[in-house]
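See structure below.
The values are calculated or read from the model by the stated rules, or taken from the named source; none is laboratory data. What you see is a predicted model, and the numbers here were worked out from it, not measured in a lab. Note that each Cβ is placed from the backbone with ideal geometry, even for glycine, and that neighbours are counted across all protein chains shown. For accessibility, only protein heavy atoms count, side chains too; no ligands or nucleic acids. Shrake-Rupley method; radii C 1.70, N 1.55, O 1.52, S 1.80 Å.
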Amino acid sequence: MAREAGMFSASDIVEAFEPETPAFDREVERLPLPSGFQWGTATAAYQIEGGASQDGKGPSIWDTFSHLSPSRTNGQNADVACDHYNRTIADITLMASLRVDVYRFSIAWSRIIPLGGRNDPINEHGIAFYNNLIDELLAHNIAPVVTLYHWDAPQAIYDRYGAFLNTEEFQADFANYAHICFSRFGNRVRRWVTFNEPYIISIFAHLNGTLAPGHCRDVGTDTKTEPWIVGHTIILSHATVALMYADEFRESQNGEISIVLNGHYYEPYDRSSSQDRDAAERRLLFYIAWFGDPVLLGQDYPAAMRAYLGERLPTFTAKQHELLQRAASINTYYGMNHYSTKFVRALSDPPAEDDWTGNTEELSINSEGKEIGPVSGVGWLRVAPEGFRKLLNWIWKRYRLPITVTENGCPCSGEEDVSTAVDDTFRQHYFGLYLDSVSRAIYEDGVTVDGYYAWSLMDNYEWSAGYGPRFGIIHVDFETLERTIKDSAYYLRDTFIDRRRSS
Ligand code: PNW
C-alpha cells in the first residue's frame, strides 16, 4: 500500500545518528547570494504563542485535538508553548540581534474572531496583540510576512459545518476574517500568505489523521473524498481572498499576496525504470501541482490527477474557473516550504480505494541501496540539497514566479539539553548546503529566488510530535521558558552578511 513515512509522530525522532548513515559527503562552499536577498525566520501561532484562552481567545481545532484522551499528540499540548504571547518584545529583540530582514508569523483566527464566523463578534484584545507585534517588528526594522491560516481553524466553525468540508460556508467566513486582517493590519504588512501547506491540511488532517481535526479511517470519516473536498475549499478560498485583496486593498496598501506550498523533491527509486521515473513526476504533480496549477495558473487540476482520481476529485464550475483565472495573476511570488527529498517507486498492486499518492511509495533508500542523505533529528527529514536545487528548478519552470523559501530547516538529535543544543553543527551544515543550492539555482540555473526564511525562529510545539523535535535556531527550555541562541543562528546571521554580494 502507498506510504508516506512517519511525519509528525513522536516515534519518528532519531535518538542518535545510526552508524550506517552516510556522513555529509561534501563541504559547504559558501556560494554568493544576491544583495537584495531577504533572510528571515518563521513560526506559526499555535506552535509558539501559548495564551490558549487568554484575553478572550476562542478555542481552535488544535486546542481540542491536543487535549484528546487518549492523546494523539504525545501527551502534550500548546496551552503555554513558548509563551510568546506574553514575551513578544523579548523575542523580537532576540530576532533583531540576528539581523533578520523578515519575520513570517501566523495569526490565530480565533484570537481575532473567537467563534470564527462572519456574523460573530471581533475580539479587540486579539487585534491589539497583532497590532503590537507588527509595530514592534517595524520598530526593529523587521518586515512582517503574515500567514492567515496555519492550521488552527476556530473550533466553532468546525462544530457548525465541518470547517473546510463545507466549501461555501468556509469561503465566506475565511473572506470575512481576511477582510478584517487586511483592514486592521494591512497598512503595515507588505506580504500576505493565505494558507500554509494545503497538502498537509488535506492529507494529514483529513486522511492520515495525524493533524487536527484528525480525520482518518479509524474514526470513520470518508478518506476517499474528504481530502479532495478540503483541497477544493482551500483553492477557492484563496482565490476569493486574493481577488478581494487586489480589488479593495492592494493599491492603497501596496502589498502582495500568495500561498505557501510545501513538497519534497522526488527521485526515482530505480533510475533505469520508466515506471519509477513516471512515478516520481506523478508524485510531484499529486503533491504540488494539485494546488499550484489551479491557484497559480488558473487551470484545472493536473490531467494525471483527474484521470486517476475520477469522481473523487471535485470539479470547478464555469464560474469557479473564471474566478481561478482572474485570481491567478494576482499571486506575485511562490511561497516554498521545503525540507527533504525522497525516492519514489511505482507500485504494481492495485491501490487502496483512498490512495492519494498516484499508487506510489516513498523510500529513503534507492534500488542500489544508496541513502538519499544523512538523517536529521527526525526520520522523515534527510539532508539532500541537490533535490532542493532540482525542485527550485521544477517550480520555476512550471510557475515562473519569483520563489521565496518560506520554510527550510531541520532538527538535530540531542537538542533537549541546552548544553548540547547550542553547538548545532549538523544544522549549520544543513543550512550551508541548502543555501549553496539556492545560489546555484540562481546563478547557474537562472531561477529567481528572493528570500529564505529559516524554520524556525525558536524550538516549538511540533504538532503531533509535541515538544520532541526541535527545529529552532533559538533553544527554548520548556520548563523555564528560557531562550538561548544556538550557533546556527549566528551562522545564518554571518552567512547573510558575508554572502550577499553587492552586484
Ligand atoms: C511544516 N513534509 O510542516 C509546517 O509548516 C510547520 O508548522 C512545521 O513545524 C514544520 O514544517 C516542521 O515539520 C511540514 O512532508 C509538513 O516534508 C510536511 C512536511 C514537512 C514539514
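For the reader, a short list of remarks on this structure follows.
- Amide H partners (placed H, <5 Å) of Ile403, local residues excluded: Tyr334, Thr448, Val449, Asp450
- Seen from every direction in turn and averaged, the convex hull around the alpha carbons of the chain projects onto 21.9 nm².
- Our helix-only sum for the chain, with -39,500 (n - 2.57) per DSSP H run of n ≥ 4 divided by its residues, gives a mean residue ellipticity at 222 nm of -11000 deg cm²/dmol.
- Antiparallel beta bridges, as assigned by DSSP with both residues in the range 366-487, represent about 50 percent of the total such bridges.
- Length released on extending from Ser252 to Asp423, taking residue separation times 0.36 nm less the Cα-Cα span: 57.0 nm
- Here the chain exposes an accessible surface that is 48 percent carbon and sulfur, computed with a 1.4 Å probe and the other protein chains kept in place.
- Antiparallel DSSP beta bridges within the chain, as percent of all bridges there, nearest 5: 20 percent
- Contact order normalised by residue count of the range 360-448, Cα under 8 Å, 6+ apart, percent: 30 percent
- Gain on full stretching of the segment that runs from Asn141 to Glu444 - 0.36 nm per residue minus C-alpha separation: 105.9 nm
- Applying the criteria of a DSSP loop state and at most 16 other Cβ atoms within 10 Å to the GluC sites (Glu not before Pro) of the range 374-420 yields Glu416.
- Averaging over all projection directions, the Cα-based convex hull of the range 289-424 occupies 11.6 nm² in the image plane.
- Using the 1.4 Å probe convention, the accessible area of the range 10-501 works out to 35 Å² per residue with neighbouring protein chains retained.
- The gain in end-to-end length when the Arg400 to Arg30 segment is fully stretched comes to 130.6 nm, 0.36 nm per residue minus the alpha carbon separation.
- Where Cα atoms sit under 21 Å apart: lysine pairs in the range 10-501 separated by 8 or more or lying on different chains: 4
- If the convex hull is drawn through the Cα atoms of the range 6-155, its volume per residue in Å³: 163 Å³
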